[in-house]
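All remarks here apply to the structure that follows.
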Amino acid sequence: MTGSPLTRFAPAPTGLLHLGHVVNAIFVWGLARQLGGRVLLRIEDHDRQRSRPAFEAQLLDDLDWLGFVPDIYPTSDFRRGPCPSRQSDRDAIYAAVARRLAAEGRLYGCTCTRQEIARRAGRQTSAYPGWCRDRGIALDPGVTWRVRMDPGEVAFTDLLRGPVRQQPALTHGDVAIRDRHGNWTYMFAVVVDDLLQDVDLVVRGVDLFDATGPQIALAALIGRSQPARFAHHPLVMKGPEQKLSKADGDTGIPELRRRGMSPAAVIGHAARLVDLIADEEEISAEEVARLVRLDQLASR
Ligand code: GLU
Ligand code: ZN
């Protein structure tokens, strides 16, 4: 990463912004500010069945209220209507990249369901073993579109976790880029967007750690010459095994606002939940760089 990095905050409008998102925002803005970089806002509504305009409107309001200000694509850009950083407005871009992959013989149609894959592969797995690779199934709507991934290891250095090696061909197999409902997948949309929006620093929760190897491999296939850098941070846990989810309404930002918490109290509380600070305190969005000092975090 040379020069000032560009990172992104990329929520999916499939639920309310909650404390887990606030932790992510602390790391995204904190690392960006510390490294002299910028933050881009992207609305990841690739899943057309689960995304809701009302959730998007609410999360834009909550982000403004918290005081996390994107340097590129401020919230007002999304409120105006179509926006180049909203995935549902980027269909033509994904289609063009898919056409190029298809022309290179990288894509094939797949009719396997998730259950079938889990059953026939004999384990609970999301790795797709490539059964449809040579069946000549056309890339029609109604079938899954998959990329032929090459075998091999992906190595990267996580800014917070150190050196990592992953085997995307073994853990994920041939990555789906479009599902049978016609949605571009998370994997594909995020890789295309990070490349075409010049994002070179990806800061996200450790729940997406395993997605990184496949994303680096897929990015190379669509023409990325230099992989992005990655930092995977801890999650807010509901219990020892269970991460917080959108269903946990009591941590939703609108509810915390209703209870009368200030933005700085919410940010401080989120920071406390992942042990970035020892005691509850109020921390404004402008101050978060001091919470995520790379020299201290990387050695913990
Ligand atoms: N949109 C994803 C989410 O809400 C985050 C994507 C990413 O950081 O790669 O969990
Ligand atoms: Zn198949």
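Based on the Cα gyration tensor of the stretch 1-105, what are the three equivalent ellipsoid semi-axes, each the root of five times an eigenvalue, rounded to whole Å and given largest first? Working shown, then result.
Values: eigenvalues 120, 79, 29 Å².
They are 25, 20, 12 Å, listed largest first.
Could you rank the peptides 64-72, 3-11, 279-287 by their average count of other C-beta atoms within 10 Å per residue, with the highest value first? If you can, show how the numbers build up before the last one.
Working: 64-72: 17.4, 3-11: 20.0, 279-287: 14.6.
Ranked by mean Cβ neighbours within 10 Å, highest first: 3-11, 64-72, 279-287.
Determine, for each peptide in 231-237, 44-50, the mean count of other beta carbons within 10 angstrom over its residues, then list the peptides with the highest first.
231-237, 44-50
Points 7 angstrom from Cα along the Cβ direction at A138 and L208: gap in nanometres?
3.5
If you place +1 on the Cβ of every Lys and Arg, -1 on the Cβ of every Asp and Glu, and leave all else neutral, what size is the dipole of the chain about its Cα centre, to the nearest 20 Debye?
It works out to roughly 940 debye.
Just to be sure I understand: of the beta bridges DSSP finds with both ends in the chain, what percent are antiparallel, rounded to 5?
In the chain, approximately 50 percent of DSSP beta bridges are antiparallel ones.
May I ask you to compute the full-extension gain from E281 to R259, defined as 0.36 nm times their residue separation minus their alpha-carbon distance, rounded to one decimal in nm?
Separation in residues times 0.36 nm, less the Cα-Cα distance, equals 6.2 nm.
Can you give the Rg to Rh ratio of the stretch 149-300, both from alpha-carbon atoms, with Rh computed by the Kirkwood formula? Walk me through the numbers before you get to the answer.
Numbers: Rg = 18.0 Å, Rh = 17.7 Å.
So for the stretch 149-300, dividing Rg by the Kirkwood Rh gives 1.02.
Using Cβ counts within 10 Å as a stand-in for footprinting exposure, how do T144, T157, T171 rank, fewest first?
Going from least to most buried by this count: T157, T171, T144.
Would you calculate the volume per residue, in Å³, of the smallest convex hull containing every Cα atom of the chain?
Spread over its residues, the Cα hull of the chain gives 138 Å³ apiece.
Figure the gain on full extension for L170 and W131 (residue separation times 0.36 nm, minus the Cα-Cα span) and round it to one decimal in nm.
On the way: separation 39, 0.36 × 39 = 14.04 nm, distance 1.41 nm.
12.6 nm is the gain from fully extending L170 to W131.
Whose amide H sits under 5 Å from the amide H of F230, counting only residues 5 or more places off or on another chain, with H placed in the peptide plane?
Under 5 Å from the amide H of F230 lie the amide H atoms of L159, V202, each far enough along the sequence or on another chain.
With no solvent and one point on each alpha carbon, what is the Debye value of log10 I(q)/I(0) for the stretch 65-168 at q = 0.18, 0.21, 0.24 Å⁻¹?
Once normalised to I(0) and log-transformed, intensities are -1.04, -1.08, -1.19.
Please give the residues of the stretch 198-241, grouped as numeric ranges, whose backbone N is less than 19 Å from a label point set 7 Å along the Cα-to-Cβ vector of R99.
222-223
Which listed residue (I117, L59, S85) has the Cα farthest towards the positive end of the charge dipole for the stretch 36-137, taking +1 on Lys and Arg C-beta and -1 on Asp and Glu C-beta about the Cα centre?
Of the options given, the answer is I117.
With unit charges on the beta carbon (Lys/Arg positive, Asp/Glu negative), name the residue among N183, L139, M261 whose Cα is farthest towards the positive pole of the charge dipole of the chain.
L139
Relative contact order for the chain using alpha-carbon pairs under 8 Å, separation at least 6, rounded to a whole percent?
24
With +1 on the Cβ of every Lys and Arg and -1 on the Cβ of every Asp and Glu, and nothing else charged, how large is the dipole of the stretch 1-98 about its Cα centre, in debye rounded to the nearest 20?
Numbers: 11 positive and 11 negative charges, 29 e Å.
My answer is approximately 140 debye.
Laboratory data are not the source of any read-out in this text; all were calculated from the coordinates shown. Everything quoted here is computed from the prediction, not taken from an experiment. Note that we place each Cβ from the backbone using ideal geometry, even for glycine, and neighbour counts take in every protein chain shown.
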